[in-house]
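The structure appears below as structure tokens.
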Amino acid sequence: MASTVIHAIYTDDDVLMNAVKEVKKKHLHINDIFTPFPVHGLDKAMGLAPTRLAITAFLYGCVGITVATLMMNFIMIEDWPQNIGGKPSFSYIENMPAFVPIMFELTVFFAAHLMVITFYLRSKLWPFKKAENPDVRTTDDHFLMEIDATGKDGEELANFLVTTGAVEINLIANEA
Amino acid sequence: MYTLSKNLKLSAIIFMVVGALLFAVDAMYMPSSIADIEAMHAGDDHGESHDTAVSGEGHDTHEAIATAKGHGEDHAVASHQAEEGHAMSEAEHNQHLLDGYKNKPWSAVYVAAFFFFMISLGCLAFYAVQYAAQAGWSPLLLRVMEGITGYLLPGSIIMLILLALSGFHFNHIFHWMADGITDPTSENYDKLIAGKSDWLNVPWLLIRAVIFIAGWNAYRFFAVKFSKEQDEATDNKSHKKSFKLAAAFLVFFLYTESMMSWDWIMSIDPHWFSTLFGWYVLAGMMVCGITTIALITMILKGAGYLQSVNDSHIHDLAKFMFGFSIFWTYLWFSQFMLIWYSNIPEEVTYYIQRIEDYNLPFFGMLIMNFLFPLLILMNSDFKRVNWFVVMAGIVILLGHYVDIYNMVMPGTVGQAWSFGFVELGSLMFFFGLFVLIVFTSLTKRPLEPKRNPLIEESKHFHY
């Protein structure tokens, strides 16, 4: 089935934000928006579900602190106890303050790295992947809103988008 | 314009009066001689017979029981005193306790006075940051901050008076002020303190205190003046002046706050020192100041004022509460771990005393100041729910009271500590005074700055 999309290009993030609200009011479906920088509140205006990345970060952090605890317990208590400054070397809990920096760092390390990897997987990104960007100007100073126009009057839609402040409208028909 | 309601005024005054009464009653019944201390021990030794043994001496029964319980572990603790060079005899030990009891009412006032003073000073620093950073989200809250810093002048004058009273030997909460402590021929001579006497001497301490207090209050005076002028102005001149002044104040503040924390708190344990102490106190005062801003904003909003404040503002304040609580913990731990690990006698005694004698408040405050806000305020959505923020805020404020308590009490009352009526009374008294002054100060200006150049951004602030 043939699908058509409209690319509306804006030059200002505030104009874009208002345009998104207008478009949502008309119950049009926004496929995606390409911006040169993160625009605050855009996800909420588009009606995207809140990110679940924060939940994964918490879980990865829990994994990190567990790994750190088990690792330090094995290294410093079980396998090779060392007398450092007369601190108790046969009990993890009594020596715990010394391990806090490691527990903290590994929590952050696991949360950060695994979160980035999750983000890549979820966004279907990998090294050397060819960019899916429809218009290179969105990496510089333009904002592009892609609207589903299948089965709609392109002319009317284009006129409406111009009233929202779009500087350029492209109608793209995908044969599939 | 906000008007102070009669009920609020009356409640604040009731708090002050009841607080003062509790304080006076308990202070009157403080043990005042070695005989009193021995009588308390007698009560302790006979286990069940607290009431008869103690009331026979004419003590306030409840207080005596509370303190007698606190001394159940005396003998275990006495062993660490031996590390400081000599084992204490029973008589010396009793004298020590008596000194502690004599300091107790003074220390209770000192802790409470410093706590509320610290809230207004932390708030003033946060206020200056808003101007210096040209923050666009916060101008709606600037008048709330100006109200809270209204307590700075009375609060800092009370602190100055307390310091002067210590300096003139009305009490003994600063050991380094004792007579003959820098005199090699005196039996009171202390070589370590004598070595620090270029900095730690009463006249210079009071001169510094006057300079600090004058500087902070001068900034507060001019900042409020400019903010008032900006309301009626036709250009942004006053705002720009306030910006420059805020930047200058922050430089002054960071130096003086650090020195203030050495002078007013760290010198209570004059042998001990920590190089990040100023930061540590700063983190505590910032989190208290911001928490108070959040609480008062929510109270005013609940009473129908500040209608332009939305939950994004509360969200941001809660983020700061969360962030500064973590920052406080970071500094607490940095200070603790290095001293714990290196285990140098002159440093580590500070923590040994707190862990052995003050175990519950010392670790309890970690739960109140770190674990509780961490868990409650971690979720983004919870930061927008007023009662979550209020709950976290109250625990944070109480936790930081305990923090100040832990910083002051071990060096002044030692093992004679308890949370009795003197502490509760002075906390209530200063709470009443703080509420009275802050809410009176809020009535002086419109709650919304009229012509702040960033006010529109603040009104539309939306996260």
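The values are calculated or read from the model by the stated rules, or taken from the named source; none is laboratory data. Quick caveat: nothing in here was measured; it's all calculated off a predicted structure. FYI the Cβ positions are ideal-geometry reconstructions off the backbone, even for glycines, and counts take in every protein chain you see.
Can you confirm whether the stretch B:356-375 contains a residue that is touching a Pro at 6+ places or on another chain (Cβ under 8 Å) and surrounded by fewer than 19 Cβ atoms within 10 Å (Cβ to Cβ)? Step through it out loud before you land on a result.
Our first condition is that a residue be touching a Pro at 6+ places or on another chain (Cβ under 8 Å); within the stretch B:356-375, this holds for B:357-358.
Retained after the next criterion (residues that are surrounded by fewer than 19 Cβ atoms within 10 Å (Cβ to Cβ)): none.
Checking the stretch B:356-375: not a single residue is touching a Pro at 6+ places or on another chain (Cβ under 8 Å) and surrounded by fewer than 19 Cβ atoms within 10 Å (Cβ to Cβ).
Among the residues of the stretch A:106-130, how many are more than 16 Å from the chain's Cα centre (by Cα), away from chain B (no Cβ under 14 Å) and either among the β-branched types (Val, Ile, Thr) or outside any helix (DSSP H, G or I) (or both)? Break it down into steps so the answer makes sense when it comes.
Here is the first cut: in the stretch A:106-130, the residues more than 16 Å from the chain's Cα centre (by Cα) are A:106-110, A:127-130.
Within this subset, residues satisfying the condition of being away from chain B (no Cβ under 14 Å) are A:106, A:109-110, A:127-130.
Still in the running and either among the β-branched types (Val, Ile, Thr) or outside any helix (DSSP H, G or I) (or both): A:127-130.
Within the stretch A:106-130, residues that are more than 16 Å from the chain's Cα centre (by Cα), away from chain B (no Cβ under 14 Å) and either among the β-branched types (Val, Ile, Thr) or outside any helix (DSSP H, G or I) (or both) number 4.
Given the conditions (1) surrounded by fewer than 18 Cβ atoms within 10 Å (Cβ to Cβ); (2) away from chain A (no Cβ under 14 Å); (3) part of a loop (DSSP other than H, G, I, E, B), which single one is not true for B:Trp387?
(3)
Based on this model, can you work out whether B:Ser325 counts as closer than 17 Å to B:Val402 by Cα and of a type in the set (Gly, Ala, Ser)? Give the derivation first.
Working: closer than 17 Å to B:Val402 by Cα: yes; of a type in the set (Gly, Ala, Ser): yes.
In short, yes.
Please go through the stretch A:54-105 and give me each residue that is exposed (fewer than 15 other Cβ atoms within 10 Å of the Cβ), away from chain B (no Cβ under 14 Å) and not in a helix (DSSP H, G or I), ordered by number.
A:Trp80, A:Pro81, A:Phe90, A:Ser91 - these are the residues of the stretch A:54-105 that are exposed (fewer than 15 other Cβ atoms within 10 Å of the Cβ), away from chain B (no Cβ under 14 Å) and not in a helix (DSSP H, G or I).
Is one or more of the residues making up the stretch B:300-313 within 14 Å of chain A (Cβ to nearest Cβ) and assigned to a helix (DSSP H, G or I)? Give the derivation first.
As a first pass, look at the stretch B:300-313 and keep what is within 14 Å of chain A (Cβ to nearest Cβ): B:310-312.
Subset that is assigned to a helix (DSSP H, G or I): B:311-312.
Yes, there is a match, as at least one residue in the stretch B:300-313 is within 14 Å of chain A (Cβ to nearest Cβ) and assigned to a helix (DSSP H, G or I).
Assess whether B:Phe243 counts as being farther than 26 Å from B:Ile326 by Cβ, in contact (Cβ under 8 Å) with a residue 60 or more places away in the chain and part of a helix (DSSP H, G or I).
Working: farther than 26 Å from B:Ile326 by Cβ: yes; in contact (Cβ under 8 Å) with a residue 60 or more places away in the chain: yes; part of a helix (DSSP H, G or I): yes.
Judged against the criteria, B:Phe243 is a match.
Go through the stretch B:434-460 and count every residue that is outside any helix (DSSP H, G or I) and in contact with a Leu (Cβ under 8 Å, 6 or more places away or on another chain). Please lay out each step first, then the result.
At the first step, the residues of the stretch B:434-460 found to be outside any helix (DSSP H, G or I) are B:443-454, B:460.
Still in the running and in contact with a Leu (Cβ under 8 Å, 6 or more places away or on another chain): B:443, B:447-449, B:452.
Of the residues in that region, 5 qualify.
Checking B:Phe324 against (1) more than 25 Å from B:Gly136 (Cβ to Cβ); (2) buried (at least 19 other Cβ atoms within 10 Å of the Cβ), which single condition isn't satisfied?
Among (1) more than 25 Å from B:Gly136 (Cβ to Cβ); (2) buried (at least 19 other Cβ atoms within 10 Å of the Cβ), B:Phe324 violates only (1).
Check B:Asp198 against each of (1) surrounded by fewer than 19 Cβ atoms within 10 Å (Cβ to Cβ); (2) at pLDDT below 95; (3) within 20 Å of the chain's Cα centre (by Cα) and name the one condition it does not meet.
(3)
For the stretch B:141-187, which residues satisfy the criterion of being under 21 Å from the mean Cα position of the chain (by Cα) and more than 19 Å from B:Trp264 (Cβ to Cβ)?
Hits for the stretch B:141-187 are B:Val144, B:Met145, B:Glu146, B:Gly147, B:Ile148, B:Gly150.
Might you let me know whether the stretch B:250-269 holds any residue that is surrounded by fewer than 17 Cβ atoms within 10 Å (Cβ to Cβ), without any contact (Cβ under 8 Å) to a residue 12 or more places away in the chain, over 18 Å from B:Ile119 (Cα atoms) and of a type in the set (A, V, I, L, M, F, W, C)?
Yes; the residues of the stretch B:250-269 include at least one that is surrounded by fewer than 17 Cβ atoms within 10 Å (Cβ to Cβ), without any contact (Cβ under 8 Å) to a residue 12 or more places away in the chain, over 18 Å from B:Ile119 (Cα atoms) and of a type in the set (A, V, I, L, M, F, W, C).
For the stretch B:277-301, which residues satisfy the criterion of being over 17 Å from the mean Cα position of the chain (by Cα) and either closer than 17 Å to B:Leu375 by Cβ or touching a residue at least 12 places away in the same chain (Cβ under 8 Å) (or both)? Steps first, answer last, please.
Going residue by residue through the stretch B:277-301, those that are over 17 Å from the mean Cα position of the chain (by Cα) are B:294-301.
Within the stretch B:277-301, B:Ala294, B:Leu295, B:Ile296, B:Thr297, B:Met298, B:Leu300 qualify.
Mind listing whichever residues of the stretch B:321-341 are among the aliphatic types (A, V, I, L, M) and either away from chain A (no Cβ under 11 Å) or closer than 30 Å to B:Ser380 by Cβ (or both)? Break it down into steps so the answer makes sense when it comes.
First, the residues of the stretch B:321-341 that are among the aliphatic types (A, V, I, L, M): B:321, B:326, B:331, B:337-339.
Hits for the stretch B:321-341 are B:Met321, B:Ile326, B:Leu331.
Please go through the stretch A:21-53 and give me each residue that is surrounded by 16 or more Cβ atoms within 10 Å (Cβ to Cβ) and either in contact with a Gly (Cβ under 8 Å, 6 or more places away or on another chain) or within 14 Å of chain B (Cβ to nearest Cβ) (or both), ordered by number.
Once the filter is applied, which keeps residues that are surrounded by 16 or more Cβ atoms within 10 Å (Cβ to Cβ) and either in contact with a Gly (Cβ under 8 Å, 6 or more places away or on another chain) or within 14 Å of chain B (Cβ to nearest Cβ) (or both), the stretch A:21-53 yields A:Val39, A:Leu42, A:Ala45.
Within the stretch A:124-176, track down each residue that is among the β-branched types (Val, Ile, Thr) and surrounded by 16 or more Cβ atoms within 10 Å (Cβ to Cβ).
Taking the stretch A:124-176 as the starting set, the residues that turn out to be among the β-branched types (Val, Ile, Thr) are A:136, A:138-139, A:147, A:150, A:162-164, A:167, A:169, A:172.
Within the stretch A:124-176, A:Thr138, A:Ile147, A:Thr164, A:Ile169 meet the criteria.
Return yes when A:Ile9 is farther than 30 Å from B:Leu366 by Cβ, away from chain B (no Cβ under 13 Å) and either assigned to a loop (DSSP other than H, G, I, E, B) or modelled with pLDDT of 90 or more (or both) and no when it is not. Don't jump to the end; show me each part of the working.
Values: farther than 30 Å from B:Leu366 by Cβ: yes; away from chain B (no Cβ under 13 Å): yes; either assigned to a loop (DSSP other than H, G, I, E, B) or modelled with pLDDT of 90 or more (or both): yes.
Taking the combined requirement at face value, the residue satisfies it.
Assess whether B:Val402 counts as being at pLDDT 95 or above and out of contact with any Phe, Trp or Tyr (no Cβ under 8 Å at 6 or more places or on another chain).
Numbers: at pLDDT 95 or above: yes; out of contact with any Phe, Trp or Tyr (no Cβ under 8 Å at 6 or more places or on another chain): yes.
So B:Val402 passes the test.
Check B:Val408, B:Val385 and return the single one that is over 22 Å from B:Phe372 (Cβ atoms) and not basic (Lys, Arg). Steps first, answer last, please.
Numbers: B:Val385 fails: over 22 Å from B:Phe372 (Cβ atoms).
Matching residue, one of B:Val408, B:Val385: B:Val408.
So which residues in the stretch B:302-313 are closer than 12 Å to B:Asn386 by Cα and surrounded by fewer than 20 Cβ atoms within 10 Å (Cβ to Cβ)? It would help to see each step written out before you state the result.
As a first pass, look at the stretch B:302-313 and keep what is closer than 12 Å to B:Asn386 by Cα: B:302, B:310-313.
Residues satisfying the conditions are B:Gly302, B:Asn310, B:Asp311, B:Ser312.
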